[in-house]
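Report on the following structure.
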Amino acid sequence: MEAIAVANESSDKTSVAVARAVGHAVATAHMADHSLGAAWYALKVVERAGGSIDEERRWQDEQLPLEVRDLILVARKGRNI
């Protein structure tokens, strides 16, 4: 996958986090757990850009459909994301 190759070749931590977030988001199509990775790397991007992780996490949580919200929050907590 090209996004992971970009992450592996970059020395800029923000670029690495962006590329990994993209890679996990694309990989969600074949494995739902990868959606957690995309959210986690997005938090890293926000942190490295000087933003608030807490605000980003709240925004992410607000985007979750009610049908899967509890499932995602429990999975995220289990992975310490």
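The values are calculated or read from the model by the stated rules, or taken from the named source; none is laboratory data. Values in this document were obtained by computation on a predicted structure and should not be read as measured data. So basically every Cβ, Gly included, is an ideal-geometry build from the backbone, and we count neighbours across all protein chains shown. Remember, those area values only see protein heavy atoms, side chains included, never the ligands or the DNA or RNA. Shrake-Rupley method; radii C 1.70, N 1.55, O 1.52, S 1.80 Å.
In the stretch 3-48, what count of residues is obtained for those that are in a helix (DSSP H, G or I), among the charged types (D, E, K, R) and either at pLDDT below 80 or open to solvent by less than 70 Å² (accessible area, probe 1.4 Å) (or both)?
Matching residues across the stretch 3-48 total 2.
Any residue that is touching a residue at least 40 places away in the same chain (Cβ under 8 Å) and among the hydrophobic types (A, V, I, L, M, F, W, C) - is there at least one of those in the stretch 58-77?
Among the residues of the stretch 58-77, at least one is touching a residue at least 40 places away in the same chain (Cβ under 8 Å) and among the hydrophobic types (A, V, I, L, M, F, W, C), which makes the answer yes.
Which residue is least open to solvent (accessible area, probe 1.4 Å), if the candidates are limited to the stretch 49-73 and must be assigned to a helix (DSSP H, G or I), over 18 Å from residue 24 (Cα atoms) and not hydrophobic (A, V, I, L, M, F, W, C)?
Checking each candidate, the answer is 69.
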